[in-house]
1. If I go through region A:400-434 residue by residue, how many of them are loosely packed, with under 13 Cβ neighbours inside 10 Å and closer than 23 Å to A:K377 by Cβ?
2. When the residues of region A:131-145 are narrowed to those that are within 14 Å of another protein chain (Cβ to nearest Cβ) and not hydrophobic (A, V, I, L, M, F, W, C), which ends up farthest from A:V78 (Cα to Cα)?
3. Would you mind finding the one in A:K273, A:K287 that is touching a Phe, Trp or Tyr at 6+ places or on another chain (Cβ under 7 Å) and surrounded by fewer than 19 Cβ atoms within 10 Å (Cβ to Cβ)?
4. Can you name the condition, by its number, that B:K139 falls short on among (1) away from chain A (no Cβ under 14 Å); (2) of a type in the set (D, E, K, R); (3) crowded, with 20+ Cβ neighbours inside 10 Å; (4) in a helix (DSSP H, G or I)?
5. Taking helices (runs of 4 or more DSSP H) that do not extend beyond region B:21-80, which have at least 3 residues that are of a type outside the set (V, I, T) and free of Cβ contacts under 8 Å to residues at least 24 places away in the same chain?
6. Looking at A:Q249 and the list (1) polar (S, T, N, Q); (2) without any contact (Cβ under 8 Å) to a residue 12 or more places away in the chain; (3) in a helix (DSSP H, G or I), which single condition is not satisfied?
7. Would you check which residues across region A:187-218 are surrounded by fewer than 19 Cβ atoms within 10 Å (Cβ to Cβ), of a type in the set (A, V, I, L, M) and without any contact (Cβ under 8 Å) to a residue 60 or more places away in the chain and list them?
Amino acid sequence: MNDLSMRKFYGWFTALGLLVSLLVVVGFYKDTSRPWKTYQRQYIEQEIRRASTPQEKLLAETTPVEIHQILLPELHRVDRCTTCHLAVDDPSYAGYPEPLGYHPLHDEHPFEKFGCTICHRGQGRATTVADAHGDVPHWDEPMLPLKYIQASCGQCHQAADDPAAPELARGEQLFEDRGCRGCHKLHGVGGNIGPDLDNVGARRSPEWLRKHFLSPASVTPGSAMPPQKFSETNLEAITMFMLSQTGEQVPGYYASMKVIPSSSEGQRLFEQKGCIACHSIGGHGGKIGPALDNVGVRRTPEWMMRHFRDPQAVSPGSVMPQFGFTESEARALTDFLLHLRDQRVVLSLPALMTPVERGREVFHKYGCAGCHGPAGKGGVPNPNAKTAEQVPGLIHVADGYTKKELKARILDGQKEIAAMDPKRPPPPLYMPSWRGTLNDAQVDDLVAYLFSLKPKGEDLGF
Amino acid sequence: MKPPLVKRLWKSFERTRVGRSIFRVGLPESRLERSRAMISSFLLHVQPAKVSRRSLRPGYTLGLGLISLYLFLILIATGVLLMFYYVPSTDQAYNSMKDLQFVVSAGLLIRNMHRWAAHLMVVFVLLHLCRVFYTGAYKRPREFNWVLGVGLFLLTLALSFTGYLLPWDQLAYWAITVGTSIAGYAPLVGQKLRFLLLGGHTVGQEALIRFYALHIIVLPGVAGLMIAVHLWRVRKDGGLSRPDEPGDLVEQVESGQLPANKTYGLMELARGTTPQVGKDPEEEVSAWPHLVFRELLLFLLVVAVVLFLAIFWNAPLEEFANPVHPPNPAKAPWYFLGLQELVSHSAFWGGVVVPGLLVTALLLLPYLDRKRAGIGRWFARERAVANTIFTLCLVAAVVFTVIGTFFRGPNWGWVEPWKQPPAVTEGP
């Protein structure tokens, strides 16, 4: 009896044992058959075909099939793109179809130091096509379309003077000129009518941004933002600049590359660090240090570089402090000083400017033009506002306000804008308070500038 | 008839010096050996040497308790493997998940197995609780084992809940945020309890490390110990429950009543009865192979089901946790969605009174319901009232959970899952 019942068990054990084994095999097969292995084998076949010597052939044949990854702890990234894109650093693969294409331009951005996703985005850790390219649900960073790739330069570099990213620089220029900061904060500077833009490039797709510029309300119902008029090239440029604002803070080495050494960057540094307090150019400036007009003739670039790092090392007894310039900052300053030899430089130093000039800079920097139009000419729609459904222009403020009144108006703002028709929704745009953002001197300059806008030849009286 | 090859190979191994040193009793042949095999093996001795045919009938227990135990073992095995890769830091936890998926051999499979076994364990522990209720198996002398069982059910929920946070994705982050805020509704202690659990007022690194420690050592340790006691009590309380028969429930000899001028054997002091006492030998069979083999077969079946689910359905992983971007609606893990649904109607009644009363009622049940009729039979007519009340509670719990899971959309509004959800407009 016992043997008989044992037989029954054997049948069940065999069946279930086979089932479990089968599932283990299926699971194992599914786990080991990964698409990247196919790509690697194709590459190896290609290499074997291209081998011209027995040694090369042997090398190709013994290439292991394995995950390739670039570890970038500083950038919080692990990029496994080269698991499939095996020939990115091999120029002889130029023009090959992906994934075996060659990636030019890596002298200044070596893969070991940058990986791939810092520029191209996507999902570096992933090893399947859809996941890696980021075209899957629950991954917020799909690959950046190649035509917007300049946006990535802006992650580390200052857009304005990156010679390799002209469109991005144009985008930044547009951002400042159109007065976007009047409503939006970027890097802490700007108004608060619209949302901060610090990580807009990580949150929004290019398509969304384009649509939003042309018709904000179509993608964000109830948006107060007036539709923007952009030519196609400008639209692409401003989209690109927005895409570059990912909010990602690059550390260490990468951040130090923010400044691409150029003489215009050198000039900016020169103005910003207050060099003019001790040195003079063209007769303007301090007398403690030597005049710099012909320093490029007197000194070699190497001398200047050493001097910026440690003034006393090359000029014993110098009282110039060590500023702790980075390598690229020192190079930019050197470029600027060498440049002085060749042409006259107009410094935009606050101390050398008239109040009206300084006021114009404030008007520009804080995006007043965003609502009040370029040079305060008005024309920006503000639906249902009593002032002809537009934000008022500013060229006639000198007629209606005293300087003191105008200053108070800028500092206090005006939250409630009178409506033309009380039944319709209130006007979306309003005058924010600039107290706390602008200091007293800046407001004074701004008022001076606004007063200067009054067209010449017009009389006061009417 | 010649025994099968595997058996012959095994036998010859047993006869070697090494084999004899490992197995105190080899593959048993005679009835005596079978009993000795059960008693002398560490792994088997928790079970009786002989079991009644009644206990082997699959229709009585449905193997639910055993399935729960197997799932627990699978969870421990897969969990330990996952621990080799998982880093409980808000920076790295999510990346561990990605690495498991993309580069660790069988990483995704093991994570899937862990996930499915965890969900299944919640289900099967609940089903086991239902089985014990419907067969009236919680009555004397098994009252305390029922209480332990209710504790194990709550522990299972806690284990699943603490594990839910670990991937540190949007799903995890918001489920735990919602789940712990339900705990915050308890009067007086609620907010303190939530603070204690999270190590702060919001879900962050402190919460992650707490949940991790609870999930990998504290809760499994306590659960493992309680499971051991639970099983031991099954033996000591007289094996699987069955209808009362004459001779059952011998009153325990109180030590105070023992005449002191007499010596006692251990048997005389033992409490209650053992299944063997006063039973016909015909009603019983050797636990080896009849019980042990069935248990092993069930184990293979459970492994097969978990593997099957793990191969074909991936465990979810959403975006990296983002504390400023809550999904709408943010939902707790599915087994708490009934609770969340109740809370959406009334935080106090739904979040405190109802669950509090339910747990208290479950814990006190064996001490309140002491009638002896209907033990050891499914849906006994004599227990119609108790069964009806229990069924109503169970159906209500299931209905609320289903509503919370499938019928709640943005802002916890009513949606019908078979209809296309309305397009959600993005904020500025």
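1. Total satisfying the criteria: 5.
2. Residues of region A:131-145 that are within 14 Å of another protein chain (Cβ to nearest Cβ), as a first pass: A:131-134, A:136-142.
Imposing the further condition that a residue be not hydrophobic (A, V, I, L, M, F, W, C) reduces the set to A:131, A:133-134, A:137-138, A:140-142.
Details: A:D131: 14, A:H133: 14, A:G134: 15, A:P137: 20, A:H138: 19, A:D140: 17, A:E141: 15, A:P142: 16 Å.
Here the residue is A:P137.
3. Numbers: A:K287 fails: touching a Phe, Trp or Tyr at 6+ places or on another chain (Cβ under 7 Å).
The match here is A:K273.
4. With respect to (1) away from chain A (no Cβ under 14 Å); (2) of a type in the set (D, E, K, R); (3) crowded, with 20+ Cβ neighbours inside 10 Å; (4) in a helix (DSSP H, G or I), B:K139 is out only on (4).
5. Numbers: elements: B:31-40, B:53-56, B:58-61.
Helices (runs of 4 or more DSSP H) meeting the threshold: B:31-40.
6. (3)
7. A:L214, A:A217
Results for (1) farther than 23 Å from B:P329 by Cα; (2) assigned to a helix (DSSP H, G or I); (3) in contact with a Lys or Arg (Cβ under 6 Å, 6 or more places away or on another chain), shown as yes or no for each residue.
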{"position": "B:L129", "(1), (2), (3)": "yes, yes, no"}
{"position": "B:F133", "(1), (2), (3)": "yes, yes, no"}
{"position": "B:A158", "(1), (2), (3)": "no, yes, no"}
{"position": "B:Y185", "(1), (2), (3)": "no, no, no"}
{"position": "B:K192", "(1), (2), (3)": "yes, yes, no"}
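The values are calculated or read from the model by the stated rules, or taken from the named source; none is laboratory data. Small disclaimer: the values here were computed from a predicted structure and weren't measured. Here the Cβ is made from the backbone with ideal geometry for all residues, glycine too, and neighbour counts use every protein chain on show.
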